[in-house]
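I have placed the structure first, in the form of structure tokens, so that the comments after it can refer back to it.
The values are calculated or read from the model by the stated rules, or taken from the named source; none is laboratory data. Every value quoted in this text rests on a predicted model; they were computed, and no experiment measured them. Here the Cβ is made from the backbone with ideal geometry for all residues, glycine too, and neighbour counts use every protein chain on show. Note: areas computed on protein heavy atoms with side chains; ligands, DNA, RNA excluded. Shrake-Rupley method; radii C 1.70, N 1.55, O 1.52, S 1.80 Å.
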Amino acid sequence: MSSHATPEAGAAGRKPVTLHRLREMHAAGEKIAMLTCYDASFARLLDDCGVDCLLVGDSLGMVLQGQPSTLPVTLDEVVYHTKSVTRGNRSAWLIADLPFGSYQGSREQALHSSVALMQAGAQMVKIEGGGWTAETVRFLVERGIPVCAHLGLTPQSVHALGGYRVQGRGESQAMTLKHHAAELADAGATMLVLELVPGALAAEIGALNPGLMTIGIGAGPQCAGQVLVLHDMLNVTRGKLPRFVRNFMAGASGIEEAVRLYVQDVKNGRFPDPERHSY
Ligand SMILES: Nc1nc(=O)c2c([nH]1)NC[C@@H]1CN(c3ccc(C(=O)N[C@@H](CCC(=O)O)C(=O)O)cc3)CN21
Ligand SMILES: CC(C)C(=O)C(=O)O
Ligand SMILES: [Mg+2]
């Protein structure tokens with residue numbers, strides 16, 4: 001198991017990805033490649049393949065635990081996986097999801113939950129929803145916690161939304177989404193995951209908020225970056241997958257090549273395909 005890499009060197013000896021570096025990439029038009037990650041072994045592999053950001057997503061409830069939604073996931077569970085990912089990761093930027101029920105109670109609850117994630121090794125927390133969340137985002141950002149917002153299909157609200165459906169269709173829904181994005185940007189969010197929204201709307205939100213790095217999942221190619229659930233892009237997930245997923249194992253010799261292909265195709269704009277993976 002000997003390695004000739006220096007202890008602090010990650011993918012091809014890259015320097016740690018910082019918020020400063022991500023902003024530079026964004027300004028230069030270099031796409032940000034993000035994947036979900038839940039354990040130390042994959043953290044090392046994804047980091048070695050040049051994935052910019054790892055997300056300890058509450059999707060772990062579905063892909064690791066077999067739950068029917070992300071709602072049963074607890075803060076302690078996300079903390080546990082964040083600690084594992086932190087140990088395996090060397091240089092990728094590490095984001096952890098605030099799970100359902102860990103931030104809605106009060107700004108103080110959101111702070112306590114975020115502290116737990118940051119102490120587990122996260123460098124940024126992700127919070128679902130718009131409107132009331134803006135004041136929580138401001139509270140966290142003022143206290144030194146970088147925040148990624150999440151709009152569009154917010155899976156913790158699946159029962160309120162009536163299923164995993166495309167969001168922001170129609171003029172009034174699109175207006176609300178744009179309004180929420182602007183409020184979150186003003187509150188100090190530095191990233192924004194846009195899930196299952198029309199590509200044109202995602203592009204518009206990015207253009208209207210140049211300080212906000214938009215990360216799309218089923219939101220078209222005109223985002224600052226892309227994210228997928230690891231098990232989906234590695235063709236591990238069984239059953240019907242959302243149309244925005246591409247199986248990167250097809251045409252790859254193994255997991256490492258599939259991940260490198262993902263990074264490459266996000267960077268050069270070949271993923272997502274505006275026809276097949278967008279709405
Ligand atoms: N494995 C996994 N991958 C994910 O991307 C994911 C999760 N789990 N869990 C949490 C949410 C749920 N997600 C989903 C689930 C289903 C669709 C889906 O079936 N979408 C339809 C579009 C429906 C419409 O047109 O309104 C599709 O065909 O893509 C999308 C996102 C995304 N997230
Ligand atoms: C799919 C991403 C954006 C997520 O929130 C998760 O994996 O939980
Ligand atoms: Mg999530």
Accessible area (Å², per residue) of the chain, counting only protein heavy atoms and a probe of 1.4 Å: 43 Å²
The stretch 9-76: equivalent-ellipsoid semi-axes (sqrt of 5 x gyration tensor eigenvalues, Cα, Å): 27, 15, 9
Summed residue charge, Cβ within 14 Å of Asp232's Cβ, Lys/Arg positive, Asp/Glu negative: +3
Label-to-label distance, nm, for residues given as Ala40 and Leu161 (7 Å Cα→Cβ offset): 3.4 nm
Projected area averaged over orientations for the stretch 41-183, convex hull of C-alpha atoms, nm²: 8.9 nm²
The chain: relative contact order in percent, alpha carbon pairs under 8 Å with at least 6 residues between: 17 percent
Dimensionless Rg ratio for the stretch 19-267, taking C-alpha atoms and the 2.2 N^0.38 Å reference: 0.92
Sequence-distant aspartates and glutamates (8 or more away, or on other chains) whose Cα lies within less than 20 Å of Lys178: Glu128, Glu135, Asp186, Glu195, Glu204
Rounded percent of accessible protein surface that carbon and sulfur make up, the stretch 99-171, 1.4 Å probe: 51 percent
